[in-house]
Amino acid sequence: MKKIVLSALTVLTIGTVGATAGDIKLYSNKDGQVFTTAGEGRTELRSSSTKVSAKASKLKFSGTHYLGFINKNMKEGDSTNNFEMRRNYLQVKAYLLEDPKSYLRVTLDATYTNKTANGEGHANVYVKYAYLYLNEVLPFTGVEFGMVHRPWIDYEEHQGWWMRSISKVFVEASEAGHLTNSADLGFNFKTKTDYFTSELGIFNGEGYHGSNDNGGANDEEIGDGVSAEWRLTASILGNGKKKRKPLKDNYFDASFFGQYNMQNSHNADAAGKLADYKFYGLHTVYNMPSFLIAAQYVKSENDRIDSTTDWNGQGYSVNGTYRIGDKKQFSVVARYDRWENKDTVSNDVTSKENSYIYGLAWQQNKNVKWLLSGQTYDVENSTNKDWTSAMITAEVHW
């Protein structure tokens, strides 16, 4: 918990720098609340003589928080009830260059772990993103360098599946493909034009919480591999450069995406020999203010010569959102995932997983969304893995 407090204080301290740059005044009332505007019963807070400075023309702060409660019932087993902190981002962008669209971004994520080695839960803070973004290094193209976005997941979360607070996307969710995650060390070239957008990058391949020390059969195999990853998207309605708002904009996209993960440190056989794996997918999404519908197909292949189902299979996902209300603030959400795991030697299907997600959402204002949702997970011919859950979620952005 101390790590969270210290990180929060660091961010707030940096925030003071941004405030001093714009000569912002703060005011307090008798209850100790702090305001940025004067008003009845508010007294101006006088700053101390201590000065804080930063070598940046501008600092921009934001936060994203997914807070919730879940009840989970195993088909053959006990039920659990837990309050959750699913995502807790504190983010700062420092604008260091003359180009106003280039910046350094650092994002801290606080998570809560229910079980540790000694049986106790704890909160932890880690770096999710830390990269330098350089705008227009090529025509219509910028680049992220450092701990950066991988090409696919961020796109889907902001175009095809706006309900990340209740479930990860198809390729990341553990009850679906479970093939990759959203950030890694490397570089990512991001291109935006009206009718075409893309992301192309090279990464370590293990992800932001992975390790390159794989313990392979010999030293030459440790940390050898990288991952080539891509997203190519046709923006059929011609608004690919625009930052879209799902409650206001129409868009129609078709994408080809995937990754070729070479000598991955977590993909070693019993003898310690590393192997490549790859996946590729097709995705399409159509959105208008009253509804969204999206679908995708993904196939993964593992080059290991021993028997495993890791990163080897195929599946598809379909999701839809129907919005009502004078501001489209109410939504009905549904999603179906189907994933089949295959054995790398026999190529036989070893399990068939089905996931059903359903729920209601209320966009209270531009900062807060509430969701009431459920999920049913079913593995064919195996009842001991099946479960259902019910969740209430507060999704907060600032």
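The values are calculated or read from the model by the stated rules, or taken from the named source; none is laboratory data. What you see is a predicted model, and the numbers here were worked out from it, not measured in a lab. We place every Cβ from the backbone using ideal geometry, glycine too, and count neighbours over all the protein chains shown.
Within the stretch 264-279, if we keep just the residues that are crowded, with 18+ Cβ neighbours inside 10 Å and small (G, A, S), the residue that is nearest to N181 (Cα to Cα) turns out to be S265.
Within the stretch 296-308, the only residue that satisfies the criterion of being aliphatic (A, V, I, L, M) and surrounded by fewer than 17 Cβ atoms within 10 Å (Cβ to Cβ) is I305. Could you check how many residues of the stretch 377-391 are within 14 Å of S167 (Cα to Cα) and either more than 24 Å from the chain's Cα centre (by Cα) or surrounded by fewer than 16 Cβ atoms within 10 Å (Cβ to Cβ) (or both)? Residues flagged as within 14 Å of S167 (Cα to Cα) and either more than 24 Å from the chain's Cα centre (by Cα) or surrounded by fewer than 16 Cβ atoms within 10 Å (Cβ to Cβ) (or both) within the stretch 377-391 amount to 1.
Consider the stretch 60-91 and keep the residues that are over 20 Å from N367 (Cα atoms) and touching a helix residue (DSSP H, G or I) at 6+ places or on another chain (Cβ under 6 Å). The one that is modelled with the lowest pLDDT is E76. Based on what the data block shows, is S167 under 24 Å from S351 (Cα atoms) and surrounded by fewer than 24 Cβ atoms within 10 Å (Cβ to Cβ)? Yes: the conditions hold for S167.
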